[in-house]
Amino acid sequence: MSQVAHSALTALSPLDGRYAGRMATLRPLMSEYGLMLRRVQVEVEWFIALSDAGFAEFKPLSEASRGYLRSLVQRFSEADAQQIKDIERITNHDVKAVEYWMKQRFKGHADLEAAGEFVHFACTSEDINNTSHALMLKAAREQVLLPAIDRIITKLHGMAQGMAALPMLSRTHGQTASPTTVGKEIANVVARLHTARARIAGVALLAKMNGAVGNYNAHLAAYPAHDWPAFSRMVVEQRLGLAFNPYTIQIEPHDYMAELFDAMTRCNTILIDWSRDVWGYVSLGYFKQRLKDGEVGSSTMPHKVNPIDFENAEGNFGLANALLTHLSQKLPVSRWQRDLTDSTVLRNMGVAFGYAVLGLDSLAKGLDKLETNTAALAADLDGAWEVMAEAVQTVMRRHGLPEPYEQLKAFTRGQPMTAELMLGFVDKLALPDDEKTRLRAMTPASYTGLAAQLAQGLPG
């Protein structure tokens, strides 16, 4: 076999191949480039903060120098990342490579060159890495994940309200059951998603800057009178916008990551549930799907329009959950004060996010194609008059008629049921005339309880 060049066609992961275009917003945030960018950001802010700490050996930096340093972050490019990678080939250490790259950027800036040894001062690599990972998660959550979830919620909210009163036959255990409305069933999903989204958004993203084993050993060796815990908290919370964890080993324990990934898994699971339900509704004919010109449903059966977007969503949410579950179970576990099993696993955060985002994108595409088939919904309801047995036997209970459940069980179970048969049964009951009139007016399409009101009352 001939040697092939690295390209989208030879990518091992479909996220970097087939679906590369759909990962454009996530790639700068969760890739190795994104990790390098955040490492530079953390080193810059720690360095600037040290200049303000009041140390005789490191005077406060000028505004020009601060602006220059922060421009290294704002203008960080793929070429910069490649330079760091080239240095890493010599150092065989990725964080040390960032330190050396920064010192190279100091050339020609006298005050920065003079303070060069305060780059990475008293830091262990994990001070930089754990903080960088938290910044990556913050950006990916705020800029990509939550907006994608919000798109689904907004779409489903509109569908719930627009179809609030559209009756639909329910199925419990796959069998016909008391009717609902299309909008109410969608409203159920929206309510679950609101809760799931709040859990994702509410996870505090933690970071530590406390040295090799979490005790500020090196910090105090250099400046024993300085309040290093307060200083570190200030950098983490005020300069970087994260939450400070004061009690760690060499690594931040990653419990918050497990909490975040578990919350994402729960949201994905809700959407797997919904994707399967929509698939079923398409199968029943409740929904039709719009095709674009030239699109093929089946390679051999011309009539088919396959619900592939919902199938893709289900599959990709499943892949995301497999990775997220492993991350949440593995990352909080470390041998003694540090091992490296977390490091290689953490490099797959972007992959887990990628499959989640891909699932959200596929689901959004599928929902945008749906058209309601009101005729199919109506026909299904009209062919299921057995569901009215619940209403009839409940009214019979109210008026004390004998064995209402048992009577309706014998009348309906295993029997073909029509409107005429059900109405005939009602006519023979010893009920007040007004109750009979009310029952006779009920149909499977009208027997939906408060479904419409519940869907319309869905909080925005």
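The values are calculated or read from the model by the stated rules, or taken from the named source; none is laboratory data. The structure presented is a predicted model; accordingly, all values stated were derived computationally and were not measured. Cβ: placed from backbone, ideal geometry, glycine included. Neighbour counts: every protein chain shown.
Condition check for Lys103 on (1) more than 30 Å from Leu72 (Cβ to Cβ); (2) of a type outside the set (S, T, N, Q); (3) touching a Gly at 6+ places or on another chain (Cβ under 9 Å): one failure, at (1). Here Arg276 clears all of (1) crowded, with 18+ Cβ neighbours inside 10 Å; (2) part of a helix (DSSP H, G or I) except the condition numbered (1).
Any idea how many residues of the range 342-391 are within 24 Å of Glu185 (Cβ to Cβ) and assigned to a helix (DSSP H, G or I)? Summing the residues that are within 24 Å of Glu185 (Cβ to Cβ) and assigned to a helix (DSSP H, G or I) in the range 342-391 gives 28. Condition first: closer than 15 Å to Ala201 by Cβ, in contact with a helix residue (DSSP H, G or I) (Cβ under 6 Å, 6 or more places away or on another chain) and not aromatic (Phe, Trp, Tyr). Now tell me which residues in the range 243-264 satisfy that. Of everything in the range 243-264, those that are closer than 15 Å to Ala201 by Cβ, in contact with a helix residue (DSSP H, G or I) (Cβ under 6 Å, 6 or more places away or on another chain) and not aromatic (Phe, Trp, Tyr) turn out to be Asp262, Ala263, Met264.
Could we say that Gly383 is among the small types (Gly, Ala, Ser), touching a Pro at 6+ places or on another chain (Cβ under 9 Å) and within 19 Å of Asp273 (Cα to Cα) here? No; evaluated as a whole, the condition is false for this residue. Please indicate, with yes or no, whether at least one residue in the range 35-44 is over 18 Å from Thr131 (Cβ atoms), touching a helix residue (DSSP H, G or I) at 6+ places or on another chain (Cβ under 7 Å) and in contact (Cβ under 8 Å) with a residue 24 or more places away in the chain. Within the range 35-44 (the criterion being over 18 Å from Thr131 (Cβ atoms), touching a helix residue (DSSP H, G or I) at 6+ places or on another chain (Cβ under 7 Å) and in contact (Cβ under 8 Å) with a residue 24 or more places away in the chain), the answer is no, since none of the residues qualifies. Given the structure, is Met23 modelled with pLDDT of 95 or more, under 20 Å from the mean Cα position of the chain (by Cα) and surrounded by 14 or more Cβ atoms within 10 Å (Cβ to Cβ)? When the stated conditions are applied, Met23 passes them.
Every residue in the range 249-272 that is more than 13 Å from Asn321 (Cα to Cα) and either in a helix (DSSP H, G or I) or modelled with pLDDT under 95 (or both), please. Answer for the range 249-272, where residues must be more than 13 Å from Asn321 (Cα to Cα) and either in a helix (DSSP H, G or I) or modelled with pLDDT under 95 (or both): Asp255, Tyr256, Met257, Glu259. For Gly359, the test of being more than 46 Å from the chain's Cα centre (by Cα) and either at pLDDT 95 or above or surrounded by 17 or more Cβ atoms within 10 Å (Cβ to Cβ) (or both) is failed. Among the residues making up the range 446-460, those that are in a loop (DSSP other than H, G, I, E, B) and surrounded by fewer than 17 Cβ atoms within 10 Å (Cβ to Cβ) are Ser446, Gly449, Leu450, Gly457, Pro459, Gly460. With the requirement that a residue be surrounded by 13 or more Cβ atoms within 10 Å (Cβ to Cβ) and either touching a strand residue (DSSP E or B) at 6+ places or on another chain (Cβ under 6 Å) or not in a loop (DSSP other than H, G, I, E, B) (or both), what does the range 398-419 give you? Result: Pro404, Tyr405, Gln407, Leu408, Lys409, Phe411, Thr412, Ala419. For the range 22-42, the count of residues that are over 30 Å from Leu112 (Cα atoms), part of a loop (DSSP other than H, G, I, E, B) and either in contact with a strand residue (DSSP E or B) (Cβ under 7 Å, 6 or more places away or on another chain) or not β-branched (Val, Ile, Thr) (or both) is at least one. In the range 158-179, the qualifying residues are those that are closer than 15 Å to Gly457 by Cβ and buried (at least 17 other Cβ atoms within 10 Å of the Cβ), and the one that is nearest to the chain's Cα centre (by Cα) is Ala160. Of all the residues in the range 37-78, those that are under 17 Å from His109 (Cβ atoms) and aliphatic (A, V, I, L, M) number 9. Considering the range 248-262, and only residues there that are within 30 Å of Gly318 (Cβ to Cβ) and not hydrophobic (A, V, I, L, M, F, W, C), the residue that is surrounded by the most Cβ atoms within 10 Å (Cβ to Cβ) turns out to be Glu252. Going by the structure shown, is Glu99 at pLDDT 95 or above, loosely packed, with under 15 Cβ neighbours inside 10 Å and over 30 Å from Gly280 (Cβ atoms)? So Glu99 fails the test.
Only one of Ala114, Ala81, Ala56, Ala49 is of a type in the set (A, V, I, L, M) and touching an Asp or Glu at 6+ places or on another chain (Cβ under 8 Å). Can you tell me which? Just a single option satisfies the conditions, and that option is Ala81. Where residues in the range 228-247 are without any contact (Cβ under 8 Å) to a residue 24 or more places away in the chain and exposed (fewer than 13 other Cβ atoms within 10 Å of the Cβ), which of them is nearest to the chain's Cα centre (by Cα)? Top of the filtered list is Gln238.
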